[in-house]
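Asker: Take a look at this one; I'll ask things after.
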Amino acid sequence: MKQYSSRTISLLAVVLGLLLASLLLVVTGKNPLDMFSALLCSLTGFDLTAPHKGFNLMYPLNWLLNCLPVILTGLSVGFAYRTGMFNIGGEGQFIVGSLAASAVALFIPLPPIIHPIVCVLAGALAGACWAFLPGLLKATRNINEVVICIMMNYIALYFNSWVVRTFLPVDQKTLARTIQFPASASFTPLNFGTSSKFHFGFLVVIVCLLLFWFIIEKTSFGFSLRATGFNKEGARYAGMSTNLNTILSMMIAGAFTGIAGAIVALGVYSYGRIFTGFDNYGFDGISVALIGACKTTGILFGGMLIGLLKAAGTTLQLLGISKEIAQLIQASILIFIAIQYGIVVVLNKIDSRKGKKKEANA
Amino acid sequence: MKLIVEMFPIALMLASPLIITALGGLFSERSGVVNVALDGCMQIGGFTSATVLVLLSAAGVKNAIWWAILAAIVASTVFVSIHAFAAIHMRADQTISGTALNVLAGGLTIYLCEILFNAKSTASFNNGDVFSRVSVPLLKDIPVIGKLFFTGNYPFTYMAYVLVVIVWFVIYKTAFGLRLRSCGEFPQASASMGVSVVKTRWIGVLLSGAFAGLGGAALVLSTQTYFNVGSIHGLGFVAIATLIFGKWNPWGILGAGILFGFSQTLSFYVSSIPMLASIPSELVNMFPYVLTIIVIVLFSGKQVGPKASGEIYDPSKR
């Protein structure tokens, strides 16, 4: 049977996912073209439903803004997956990352530029700590990391609101968040005069992408991580410490998601949040990583796609389409990636039929 | 002591969905397919039961709640067949396809809520046909046990008891149960004895969906007044933990489920226990999840789970 590159399969999964979502829209009496025009609007800044308004830079900037956290959580899931781990604890790591960044932003006075960097590092550390336990239990007791990660998500949810209410200065007007961060801690906006909240945090994301690529592809540590993911027993036999690799890989994955929590807190909100539910960035990361086949460029493009789906949410709602459709598209893409074996079989059948036709013509 | 007696009906009410869902997971894992989509199945079950109950109650249909439960079971079984297809026929990574279903359930339920009810949740079914608490005649007169387990519970609790017995019987006392277990341990050997691994695994996964749908309905219909995005709050995963802690055995699941039920009940009673009253509410809410981790760590030392569970079935492998 002929093999296909992961890029072909991901592209097909995305196309099929969009088709399935369009089908659902038709069945529920909506116009799928509205969905595509909303996506196009976020991508290019041209609103096809109102062409007279012309180009609006806010839409693409908001798209890029939405890409930042999901690229990071995608790197997180991808990193763990390359080592054979499934990091579904992104929600919790995101929350503690946001919490740690808020605490540093509020309590440690530092000069601008250095301040957000320290906040981001604190977020990374918190995320890594939160991912330590699932990694440790997987390595030492062979306990399924999925269940532990999900439990850690809910623990983070309550832990965050307890810490914020007890130890951080709470905003007395709303009682639902901390006071505003000092100006030195927030990322400077980069919005070219629009109302978008796009900010300099994108530099952090670029650094993380490079780090991911360098660690996984270029270091012997990355090689032993990949070997662990590929064949744990084989790696152990070759003298690699697979248990340590499992723990470290989970912690590095947690750090990426913690950074995502930090840059959202510093760039978008500028205050510490009391989470009442999950933001879904951690779960988005799963889609991003799998669409990108856990490779650096793949995750970059996967993140830009999922970011696009998220960014189009508001436009979709204006057109009367629930923004949950973005989640449905994601789920469909995931299902198609899960059944890629079937896709390969179908592609092979199509190929062999084409081959026969060619023979018949010749 | 009086407090514990008082807590019992509530603990059992919260335990029943976990027990029922975990029993479903038992079928799936014993047949060799890991089903992390239990959470999604519970969401589908909870959403369907709430929706059907609201709609049928408004139409004045009698016994609407039973139709609601039936609809939940059917919807969840249909839903989980995606996972069965992917895992059994498409050699899918079972964690990925399960996660995909969880994402799908979260989006689909709320999407349908917006279409049906124009809101992010279903309408309230409190005015409709709902269960009331009942006691079991005869059994409730047994000293101590009767008072604790058979008095003033929702019917779902009794359903959970009955299902534990039925599942135990099916798994350990019937030919089908033996075949199901063999497919989860060494599917190639089962195939060599003429057991259809594909068919058995389909039955296992479909049953897990049916049970989880019932579990979701039990959770939403007995503890809430409408379905929204937070209705299930990860209890499908607590059900998986219940399955692990119960050592893939129906009686173990019963015990584990009641323990987790109690851990959730604590948050309602913590203010009336003098020793615990000063603990912040957030930490009390955290407790069931912390306990789940502790319990898994303490009791998962030996590998007692089905050996082939989660592995892709390759008939040519020996």
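Asker: Could you tell me the relative contact order of the range A:61-320? Use alpha-carbon pairs under 8 Å, at least six residues apart, and round to a whole percent.
Answerer: With pairs under 8 Å counted, the relative contact order is 43 percent.
Asker: Still on this structure, please answer the following. Calculated FRET efficiency, A:ILE117 and A:VAL15, Cβ-Cβ r, R0 35 Å, to nearest 0.05?
Answerer: 0.30
Asker: How far apart, in nanometres, would the label points at B:TYR172 and B:ALA58 be if each is projected 7 angstrom from Cα along the Cα-to-Cβ direction?
Answerer: 4.7
Asker: Sticking with this one: As a test question: what accessible area, to the nearest 10 Å², does B:TRP251 have when a 1.4 Å probe is rolled over all protein chains in place?
Answerer: The value for B:TRP251 is about 120 Å².
Asker: Another one. So how long is each side of the range B:192-318 along the principal axes, counting just the alpha-carbon atoms, biggest first, in Å?
Answerer: 62, 37, 23
Asker: A follow-up question, please. Roughly how big is the B-A contact, given as buried accessible area in Å² (both sides, 1.4 Å probe, nearest 100)? Could the numbers behind the result be given before it?
Answerer: Working: alone 14730 and 17640 Å², together 28560 Å².
Buried area between the two chains comes out at roughly 3800 Å².
Asker: Right, another one. For chain A, which whole percent of the accessible surface, found with a 1.4 angstrom probe, sits on carbon and sulfur atoms?
Answerer: Here carbon and sulfur together make up 67 percent of the probe-accessible area.
Asker: Averaged per residue, what accessible surface does the range B:205-245 expose to a 1.4 Å probe, in Å²? Don't skip to the answer; put the middle values down first.
Answerer: On the way: 830 Å² over 41 residues.
Per residue, the range B:205-245 has an accessible area of 20 Å².
Asker: Starting from the Cα of A:TYR341, step 7 Å toward the Cβ, then list every residue of the range B:204-230 with an amide N under 13 Å from that point.
Answerer: none
Asker: Sticking with this one: Assuming R0 = 35 Å, what is the FRET efficiency of B:LEU283 and A:SER241, from their Cβ-Cβ distance, to the nearest 0.05?
Answerer: Efficiency for this residue pair is about 0.45.
Asker: Round to the nearest 0.05 the FRET efficiency obtained for A:VAL27 and B:SER272 when R0 = 51 Å and r is the Cβ-Cβ distance.
Answerer: Working: r = 51 Å, r/R0 = 1.00.
So, using R0 = 51 Å, E works out to roughly 0.50.
Asker: If you don't mind, another one. With +1 assigned to the C-beta of every Lys and Arg and -1 to the C-beta of every Asp and Glu, and no other charges, what is the dipole magnitude of chain B about the Cα centre in debye, to the nearest 20?
Answerer: Computed charge dipole of chain B: roughly 780 debye.
Asker: Return one number: the angle in degrees, 0 to 90 and rounded to the nearest 10, between the long axis of the Cα atoms of helix B:197-223 and the longest principal axis of the Cα atoms of chain B.
Answerer: Tilt relative to chain B: about 10 degrees.
Asker: At what distance in nm do the modelled label points of A:THR297 and B:VAL162 sit from each other, each positioned 7 Å from its Cα along Cα→Cβ?
Answerer: Label-label distance for A:THR297 and B:VAL162, simple model: 6.1 nm.
Asker: Considering the dipole of chain A built from charges on the beta carbon (Lys and Arg +1, Asp and Glu -1) around the Cα centre, which of A:ASN280, A:ALA139, A:GLY261 is farthest to its positive end?
Answerer: So the residue furthest toward the plus end is A:ALA139.
Asker: Where in the range A:247-270 is the amide nitrogen less than 20 Å from a point lying 7 Å along the Cα-to-Cβ axis of A:LEU203?
Answerer: Answer for the range A:247-270: A:256, A:259-270.
Asker: Per residue, how big is the convex hull of the protein assembly as shown when only Cα atoms are used? Give it in Å³.
Answerer: Dividing the Cα hull volume of the protein assembly as shown by its residues yields 200 Å³.
Asker: Excluding residues on the same chain fewer than 8 positions from A:LYS2, give the aspartates and glutamates whose Cα lies under 12 Å from its Cα.
Answerer: A:ASP351
Asker: Can you list the DSSP H helices in chain A whose Cα atoms extend at least 27 Å along the helix axis and whose mean Kyte-Doolittle hydropathy is -1.0 or higher?
Answerer: Those that clear 27 Å and a mean of -1.0 are A:6-27, A:58-82, A:114-141, A:145-167, A:242-264, A:340-361.
Asker: With +1 on the Cβ of every Lys and Arg and -1 on the Cβ of every Asp and Glu, and nothing else charged, how large is the dipole of the range A:288-362 about its Cα centre, in debye rounded to the nearest 20?
Answerer: Values: 9 positive and 3 negative charges, 75 e Å.
Dipole about the Cα centre, nearest 20: 360 debye.
Asker: With viscosity set to 1.567 mPa s and temperature to 4 °C, compute the Stokes-Einstein D of the range B:255-307, Rh being the Kirkwood radius across alpha carbon pairs; µm²/s, no decimals. Intermediate values should be presented prior to the final figure.
Answerer: On the way: Rh = 12.5 Å.
Using the Kirkwood radius from Cα pairs, D works out to 104 µm²/s.
Asker: Here is a follow-up. If the only charges are +1 at each Lys and Arg Cβ and -1 at each Asp and Glu Cβ, what is the size of the charge dipole of chain A around the Cα centre, to the nearest 20 debye?
Answerer: Result for chain A is approximately 820 debye, rounded to the nearest 20.
Asker: Oh, and also: Once the Cα atoms of helix B:281-299 and of chain B are each reduced to a long axis, what angle between those two axes, in degrees from 0 to 90 to the nearest 10, is obtained?
Answerer: Approximately 30 degrees, to the nearest ten.
Asker: While we're looking at this one, here's another question. Can you classify the range A:61-320 as rounded, prolate or oblate using the Cα gyration tensor, where a ≥ b ≥ c are the square roots of its eigenvalues, rounded means a/c under 1.5, and otherwise it's prolate if a/b beats b/c and oblate if not?
Answerer: Working: a/c = 1.79, a/b = 1.46, b/c = 1.23.
Here the range A:61-320 falls in the prolate category.
Asker: Here is a further query. Using the per-residue mean of other Cβ atoms lying within 10 Å as a proxy for protection, in what order, highest first, do the peptides B:169-178, A:113-122 fall? Write down the numbers at each step before the final one.
Answerer: Numbers: B:169-178: 13.2, A:113-122: 19.3.
In descending order of packing, they fall as A:113-122, B:169-178.
Asker: For A:LYS323, go through the lysines and keep the ones whose alpha-carbon is under 28 Å away, minus same-chain ones fewer than eight residues off.
Answerer: A:LYS30, A:LYS53, A:LYS197, A:LYS310, B:LYS120
Asker: Which angle between 0 and 90 degrees, to the nearest 10, do you get for helix B:155-173 versus the longest principal axis of chain B when only C-alpha atoms count?
Answerer: 20
Asker: I'd like the accessible area for A:LEU319, computed on protein heavy atoms only with a 1.4 Å probe and all protein chains in place. Round to 10 Å², please.
Answerer: My reading of the accessible area for A:LEU319 is about 60 Å².
Asker: Using a ≥ b ≥ c from the Cα gyration tensor of the range A:1-125 (square roots of the eigenvalues), is it rounded, prolate or oblate, where a/c under 1.5 gives rounded and otherwise the larger of a/b and b/c decides, a/b for prolate?
Answerer: It comes out oblate by the Cα gyration axes.
Asker: Can I ask one more? Obtain the nm distance between the two label points defined at A:THR49 and B:ILE312 by a simple spin-label model: each point lies 7 Å from its Cα along the Cα-to-C-beta direction.
Answerer: Taking the simple label geometry, A:THR49 and B:ILE312 are separated by 4.2 nm.
The values are calculated or read from the model by the stated rules, or taken from the named source; none is laboratory data. What you see is a predicted model, and the numbers here were worked out from it, not measured in a lab. Methodologically, a virtual Cβ is constructed for each residue, glycine included, from the backbone with ideal geometry; neighbour enumeration extends over all protein chains shown. Please note that ligands, DNA and RNA were not included when accessible areas were found on the heavy atoms of the full protein model with its side chains. Shrake-Rupley method; radii C 1.70, N 1.55, O 1.52, S 1.80 Å.
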